[in-house]
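> I'd like to ask you about the structure that follows.
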Ligand SMILES: Nc1nc2c(c(=O)[nH]1)N[C@H]1C(S)=C(S)[C@@H](COP(=O)(O)O)O[C@H]1N2
Ligand SMILES: [Mo]
């Protein structure tokens with residue numbers, strides 16, 4: 001039993017899962033079908049390697065304890081409970097891995113596992129990750145700016161969007177085989193950014209956290225981190241990045257377009273239809289009944305760096 005159970009809001013998937021279970025089975029079976037939210041037993045760190053990277057000494061944010069960062073996760077390919085990814089993802093095979101960069105570019109290329117870790121100088125970025133479920137964490141990510149890959153790929157004049165694709169491998173990812181375990185998502189998981197968002201210096205491709213390579217549950221071997229957007233934009237275990245003229249439909253948008261928009265900018269003034277976004281629970285803080293709440297900041301605190309990207313957009317419409 002853990003303290004998060006009492007205070008958690010309904011996670012994003014349960015609403016849909018509940019509706020579908022009702023449709024599939026009839027109302028009688030509902031109570032027993034709801035997933036529990038628990039932390040995994042101490043996840044295995046044995047297989048992670050240390051990374052060499054430039055330390056970040058400017059951040060004033062206090063870090064979330066490592067066991068929370070790697071034990072309380074959303075990675076629906078491995079199940080929808082917060083403990084499922086740490087419990088079910090440990091055997092994800094990350095080496096060999098191929099990340100393919102393709103589409104509207106002059107220079108398509110691929111990177112293998114070693115190249116992901118060594119091609120671009122690594123640095124630490126301490127960012128808050130704010131989930132639309134109204135909780136947040138502060139994570140010492142290790143990675144490099146997505147802009148490095150974009151420069152190397154040389155987008156053509158047609159490229160307007162950068163699209164990211166998670167591994168599709170139902171043999172390894174049980175949520176891709178089991179509709180309920182996978183939260184009803186139509187896999188593979190896809191996310192996208194406008195090219196100017198992708199080029200912003202805050203946008204990171206992360207290969208590690210807390211000094212080591214990424215644990216599978218956090219999106220090994222490479223995942224996106226977009227700190228001014230809700231957590232769901234920060235797509236995990238990426239196998240392909242494509243440059244496109246048209247805006248694709250992204251995973252959560254496809255599941256529930258009135259709840260999850262393409263932009264997904266953290267915005268305390270625009271509520272999710274089911275939950276306020278004005279404040280958030282700070283994961284890893286406080287005692288049993290005193291988990292701390294704090295106000296949510298516009299663009300998650302990165303207004304100065306990114307507000308200019310949206311100066312011509314009505315953020316109530318383009319949520
Ligand atoms: N492929 C994939 N990427 C994903 C998800 C997912 O289910 N599948 N969940 C997203 C959500 S909702 C959040 S909040 C973050 C959580 O990242 P963390 O587990 O490293 O904290 O990952 C995002 N990336
Ligand atoms: Mo999320």
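The values are calculated or read from the model by the stated rules, or taken from the named source; none is laboratory data. Worth saying up front: this structure is predicted, and the values here are computed from it rather than measured. Positions of Cβ are generated from backbone atoms using ideal geometry, with glycine treated the same way; all protein chains shown enter the neighbour counts.
> Do you know which residues across region 173-201 are in a helix (DSSP H, G or I) and more than 16 Å from ligand 2 (Cβ to nearest atom)?
Selection gives 174, 176, 195, 196, 197, 198, 199.
> Could you check residue 102 against (1) buried (at least 19 other Cβ atoms within 10 Å of the Cβ); (2) in a strand (DSSP E or B) and say which number it fails?
(1)
> May I pose another question? Any residue that is away from ligand 1 (no atom under 16 Å from the Cβ) and touching a strand residue (DSSP E or B) at 6+ places or on another chain (Cβ under 8 Å) - is there at least one of those in region 70-89?
no
> Now a separate question. Considering only residues that are out of contact with any helix residue (DSSP H, G or I) (no Cβ under 7 Å at 6 or more places or on another chain) and closer than 20 Å to residue 219 by Cβ, look in region 170-201 and name the one that is nearest to ligand 1 (Cβ to nearest atom).
Here the answer is 188.
> Here's something else I'd like to know. When the residues of region 134-167 are filtered to those that are within 16 Å of the chain's Cα centre (by Cα) and in a loop (DSSP other than H, G, I, E, B), which remaining residue is farthest from residue 74 (Cα to Cα)?
Among those residues, the one meeting the criterion is 167.
> Still on this model: Looking only at region 202-220, count every residue that is assigned to a loop (DSSP other than H, G, I, E, B), farther than 26 Å from residue 262 by Cβ and away from ligand 1 (no atom under 13 Å from the Cβ) and tell me the total.
Count: 1.
> May I pose another question? Of 129, 146, which residue is closer than 27 Å to residue 265 by Cβ, within 16 Å of ligand 2 (Cβ to nearest atom), touching a strand residue (DSSP E or B) at 6+ places or on another chain (Cβ under 7 Å) and in contact (Cβ under 8 Å) with a residue 60 or more places away in the chain?
Criteria check complete, one pass: 129.
> Sort out which residues of region 107-133 are part of a strand (DSSP E or B), away from ligand 1 (no atom under 16 Å from the Cβ) and in contact with a helix residue (DSSP H, G or I) (Cβ under 8 Å, 6 or more places away or on another chain), and write them in order of number.
Within region 107-133, just 109 meets the criteria.
> Spot the failing condition for residue 267; the list is (1) in contact with a helix residue (DSSP H, G or I) (Cβ under 7 Å, 6 or more places away or on another chain); (2) more than 19 Å from residue 188 (Cα to Cα); (3) within 13 Å of ligand 1 (Cβ to nearest atom), and only one is missed.
Residue 267 satisfies all of (1) in contact with a helix residue (DSSP H, G or I) (Cβ under 7 Å, 6 or more places away or on another chain); (2) more than 19 Å from residue 188 (Cα to Cα); (3) within 13 Å of ligand 1 (Cβ to nearest atom) except (3).
> Next question, about the same structure. For the structure I just gave you, tell me whether residue 242 is surrounded by fewer than 16 Cβ atoms within 10 Å (Cβ to Cβ), more than 14 Å from the chain's Cα centre (by Cα), under 28 Å from residue 97 (Cα atoms) and more than 12 Å from ligand 1 (Cβ to nearest atom).
Taking the combined requirement at face value, the residue does not satisfy it.
> Sticking with this structure for a sec: Taking the criterion of being modelled with pLDDT of 95 or more, surrounded by fewer than 20 Cβ atoms within 10 Å (Cβ to Cβ), within 16 Å of ligand 2 (Cβ to nearest atom) and at positive phi, would at least one residue in region 252-265 satisfy it?
No: region 252-265 contains no residue that is modelled with pLDDT of 95 or more, surrounded by fewer than 20 Cβ atoms within 10 Å (Cβ to Cβ), within 16 Å of ligand 2 (Cβ to nearest atom) and at positive phi.
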